[in-house]
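A.B. asks: I am attaching a structure below and will ask some questions about it afterwards.
Since every read-out is calculated from the coordinates, none of them should be taken as a lab result. This is a predicted model, so every value here is computed, not measured. In this analysis, Cβ positions are derived from the backbone assuming ideal geometry, glycine residues included, and neighbour counts consider all displayed protein chains.
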2 protein chains.
Amino acid sequence: MPEVLHQQLRQMIRLSEAEIESFIRLFTIRHLKKGENLLIPGEICRHLFFIRSGCIRYYYTSDNGEEHTGQFFFENGWYTDFESYLTGKPGTQTIEAIEASVIMQLAKTDIDRLYDENPLFERFGRLMIEQGFLAVKRRNASFLNESPEERYLELMRTRPKVVERVALHHIASYLGIKPESLSRIRKRLQMQDSGS
Amino acid sequence: MPEVLHQQLRQMIRLSEAEIESFIRLFTIRHLKKGENLLIPGEICRHLFFIRSGCIRYYYTSDNGEEHTGQFFFENGWYTDFESYLTGKPGTQTIEAIEASVIMQLAKTDIDRLYDENPLFERFGRLMIEQGFLAVKRRNASFLNESPEERYLELMRTRPKVVERVALHHIASYLGIKPESLSRIRKRLQMQDSGS
């Protein structure tokens with residue numbers, strides 16, 4: 001198990017070495033090539049994913065084929081299609097590796113068993129979901145309060161990895177604008193930079 | 001304690017009558033007039049709110065004074081400014097009673113103590129947050145995937161209470177459009193209705 005995952009666990013709950021060991025054994029590893037999908041629409045999401053290395057994004061595809069990117073997740077991040085995971089219904093999103101990625105996955109059946117067996121895992125689950133909830137609420141507030149340009153500036157400030165590692169058309173789709181509009185925003189910002 | 005709250009608890013966890021009794025005693029009740037605020041920007045949110053009756057909305061105010069409504073919550077719903085509640089930092093949103101409302105509030109300090117004392121409450125917390133997470137993810141997906149008109153149609157279909165009880169300018173602010181644009185959408189839909 002990667003050291004970061006160990007740290008995350010230790011920060012949140014106090015497990016014995018034996019408990020950590022049995023937790024580790026529940027993960028299975030998947031290697032994804034760049035462009036490969038972890039989940040496609042219509043599939044039921046039965047796992048929680050920990051990104052050991054690489055980068056994934058999730059997106060929705062509208063009837064006209066347009067992609068709407070929800071979020072990007074990098075090494076040491078967690079993700080699942082929570083709607084499908086919780087309800088057990090087929091999902092509507094695609095989860096795609098946009099870099100070659102190593103994903104550690106944990107089955108929902110195992111997680112639910114851990115919750116029943118050990119209240120510490122129940123706490124781990126609650127704390128994890130609280131963090132996810134915060135992140136989603138922030139994304140929500142950005143849709144409500146910010147223009148695409150403000151969202152791009154915020155992205156550069158708080159999540160430089162996205163700007164460094166993700167293709168521009170995916171970033172545009174994340175901001176909810178056309179790639180041409182993102183190019184215009186970037187040019188404007190460059191001019192402001194060189195003018196100041 | 002209202003019967004609905006009893007039911008919600010019973011559906012999620014198995015508490016003894018004594019445990020339910022001690023849980024009930026932790027709530028304090030607040031009566032809000034229409035237009036009164038439960039929380040304003042700069043305040044730290046230290047409570048979880050259960051709406052016994054009435055309706056609240058939360059919103060952000062931009063520099064130019066424009067309001068951006070995040071969500072509406074009616075009787076038997078739960079809400080808190082989760083960002084401020086979790087981080088302990090001053091919040092940036094206003095929570096306003098848009099109908100005369102009776103709010104039952106539970107202090108975070110009491111909730112944290114319950115989590116420590118009884119794993120059943122830990123579970124209750126996890127399940128509550130899971131539900132909140134789902135709702136916020138859905139709102140998020142609607143921003144990504146739907147036009148304001150589609151969002152309005154979805155609102156009529158899935159949450160008729162909002163259309164029935166909430167003022168049009170608040171609904172427009174929730175949809176992220178100007179009140180005039182909402183009026184145009186409503187007229188267009190009425191014409192389609194009468195034409196079909």
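A.B. asks: Sort out which residues of the stretch B:123-134 are more than 7 Å from every other protein chain (Cβ to nearest Cβ) and touching a residue at least 40 places away in the same chain (Cβ under 8 Å), and write them in order of number.
C.D. replies: Result: B:124, B:127, B:128.
A.B. asks: Now, a different point. Condition check: closer than 19 Å to residue B:130 by Cα and within 14 Å of another protein chain (Cβ to nearest Cβ). Does residue A:120 satisfy that?
C.D. replies: Here the answer is yes, as residue A:120 does meet what is asked.
A.B. asks: Confirm whether residue B:141 is aliphatic (A, V, I, L, M), surrounded by fewer than 16 Cβ atoms within 10 Å (Cβ to Cβ) and on the phi < 0 side of the Ramachandran plot.
C.D. replies: no
A.B. asks: Among the residues of the stretch B:95-112, write down those that are in contact with a helix residue (DSSP H, G or I) (Cβ under 9 Å, 6 or more places away or on another chain) and within 14 Å of another protein chain (Cβ to nearest Cβ).
C.D. replies: Selection gives B:108, B:111.
A.B. asks: Same structure, new question: Which fully enclosed helices (runs of 4 or more DSSP H) of the stretch B:1-87 have 2 or more residues being under 27 Å from residue B:166 (Cβ atoms)?
C.D. replies: It comes to B:3-12, B:82-87.
A.B. asks: Working carefully through the options A:148, A:179, find the one that is more than 14 Å from chain B (Cβ to nearest Cβ), farther than 30 Å from residue B:14 by Cα and of a type outside the set (S, T, N, Q).
C.D. replies: Criteria check complete, one pass: A:179.
A.B. asks: What do you reckon, is residue B:141 away from chain A (no Cβ under 14 Å), touching a strand residue (DSSP E or B) at 6+ places or on another chain (Cβ under 8 Å) and not acidic (Asp, Glu)?
C.D. replies: no
A.B. asks: Another one. Select from the stretch A:67-94 the residues that are in contact with a strand residue (DSSP E or B) (Cβ under 9 Å, 6 or more places away or on another chain) and acidic (Asp, Glu) and write down the one among them that is farthest from the other protein chains (Cβ to nearest Cβ).
C.D. replies: Looking at the filtered set, the residue picked out is A:75.
A.B. asks: Would you check which residues across the stretch B:82-128 are basic (Lys, Arg), surrounded by fewer than 16 Cβ atoms within 10 Å (Cβ to Cβ) and more than 19 Å from residue B:58 (Cα to Cα) and list them?
C.D. replies: B:113
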